Amino acid sequence: MRWRHRRPLGQEQGRAVHDTDFLVVGHETEGCLAAVAAARAGARTALLAPADALLGGLLTEDGLAFVDRDSRHLTPPQTSPADGIFAEFLARAGVPLVALPAAAGDQTLRAMLAEAGVTLLAGEASAARVSQGRLEAVTLAGGATVSARHYLDATPDADLAELAGLSFATGFREYGVERFLGVSPLPLVTGVTPARIMETCRALQADPALEALRQRLFPGRAFLELEQGDDYVLIGPPHLGLAYQRWREAEGLGFGGFVFEADGFNVATLGVDTTSWNGLIYFSEDPATLLRLSRDGADAYFREETARFGRFLREGLGWAEAEASLPRGIYVRQTRHALGTRHRLTLGELAAGYDRRSVGTFCYYPDFRGFRAVKVPGPITAHVALEAGLAADVRNLGLACRAGGYTPFAHSLTRLVQYNVTLGAAIGVAAAMAADDLGEIDIQDVRSELAKHGALADDRTGLDRNAAVLQALRADPVIALEGSLA
């Protein structure tokens, strides 16, 4: 039976208490769309976000304009067959294929939340009260409390889950590998057209010295091709990145304690001569540094790095009019992974077609960008498992974020926004139906409600390809450390 709101908003000990069905903490795209799905399903819903935040988080204020989308549905979002509420968001934001302008993302999410009747609360969680296996209330900086029947943690690093008592693993350390996925500033570049980018990249590929460097640094590694689309340039080959590395060495520039690795670039076209770049890869093995960057955004070092990249574009590539600026955020691909969810999803299970309590599917290549490039014959068609997004010991708490209940290797796929949008929407619907435990609702009821509102993202195409992908993953000695590929 669907739980109904019991008390009006009121006062308790002089502090405002917002009593609601479902509270989403965090302003990432997955949290915003989970709130929309919950409200459409009948839950009285509130979203807690910092007052000055751009809704959409990584895809807006952090600058990840090139959106990673389901590999089966690379069609205009307006006609995408099975991308659910994520496709609705992209279509309403006017995304041609993959390029999302930050302002359009924020404005579209605000419109969808308003239309669904979601209450926006300004603030950040500073404490959580858990009693008898339930999260009872969240305290905000400043002292106000917010109470709800159910909660969703949509912060990038599962900060609410930490306040509620969950513990975490960091990076790949549990496998004896002192490594995290890379960090990327996402420069916004003006003054150069996509056609000029393509022309330069072709010339760089023909440079014998850069090609020799590629073969020395990446022996046997296959790269994607150079490609231009209506709203993107895909710079698969690493020659531009290697040219930047060579230029830096000639300038005597270090990397401020980070390790830099040249790679290709995903470039989103946002205007005639305006592009957003993803592909500068820096590494740190310090969890505290990564959490700081994830929470506080780009620091002075990465702003200086962006200025250096802009100088390279002008001096090293000859793009005299090029200017590079940086959004306030930064793309931190990996910080930590929550333990204590009802199921910790593995890469082996994803590749094997794990479908226990599946609320949809998502298809993408295992993406170890900047860490490893595993050659696989195709993308994985992965089920989105509800249990990986539900806390085990806090029965009214869900997680839909990159720090959710995934192993570090499963993180290669499940950290992507669209995967967690599908999970978050399902948790939102479950919150509209559940009286006590988010896991008590029949999964078919959740799926039916998602389908009713056009939010179900479930296309089983490609499951038959997973066996070959799994076989390729088994051959990799590092990935085999997970132990789930047998």
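The values are calculated or read from the model by the stated rules, or taken from the named source; none is laboratory data. Here the structure is a predicted model, which means the values were calculated and not measured. Here the Cβ is made from the backbone with ideal geometry for all residues, glycine too, and neighbour counts use every protein chain on show.
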Which ones in region 248-269 are at pLDDT 90 or above and either surrounded by 20 or more Cβ atoms within 10 Å (Cβ to Cβ) or touching a Lys or Arg at 6+ places or on another chain (Cβ under 9 Å) (or both)? 248, 251, 253, 260, 264, 265, 266, 267, 268, 269
Of the residues in region 105-155, those that are more than 24 Å from residue 416 (Cα to Cα) and of a type in the set (Asp, Glu) come to 115, 136
Of all residues in region 78-104, how many are within 22 Å of residue 423 (Cα to Cα), under 18 Å from the mean Cα position of the chain (by Cα) and not hydrophobic (A, V, I, L, M, F, W, C)? 3
Within region 189-200, does at least one residue satisfy the condition of being more than 27 Å from the chain's Cα centre (by Cα), at pLDDT below 95 and more than 30 Å from residue 378 (Cβ to Cβ)? no
Failed item in (1) surrounded by 20 or more Cβ atoms within 10 Å (Cβ to Cβ); (2) among the acidic types (Asp, Glu); (3) without any contact (Cβ under 8 Å) to a residue 40 or more places away in the chain, with residue 305 passing the rest: (3)
Checking the conditions here, which among 166, 204, 135, 120 is surrounded by fewer than 19 Cβ atoms within 10 Å (Cβ to Cβ) and either over 30 Å from residue 324 (Cα atoms) or in contact with a Leu (Cβ under 9 Å, 6 or more places away or on another chain) (or both)? 120
With respect to residue 472, determine if the residue is buried (at least 16 other Cβ atoms within 10 Å of the Cβ) and in a helix (DSSP H, G or I). yes
Is region 370-377 home to any residue that is surrounded by 20 or more Cβ atoms within 10 Å (Cβ to Cβ) and out of contact with any helix residue (DSSP H, G or I) (no Cβ under 8 Å at 6 or more places or on another chain)? yes
Check 286, 299 and return the single one that is touching a helix residue (DSSP H, G or I) at 6+ places or on another chain (Cβ under 8 Å), over 26 Å from residue 231 (Cβ atoms) and in the same structural domain as residue 254 (by TED's automatic domain parsing). 299
Residues in region 324-339 that are surrounded by fewer than 17 Cβ atoms within 10 Å (Cβ to Cβ) and at pLDDT 95 or above total 2
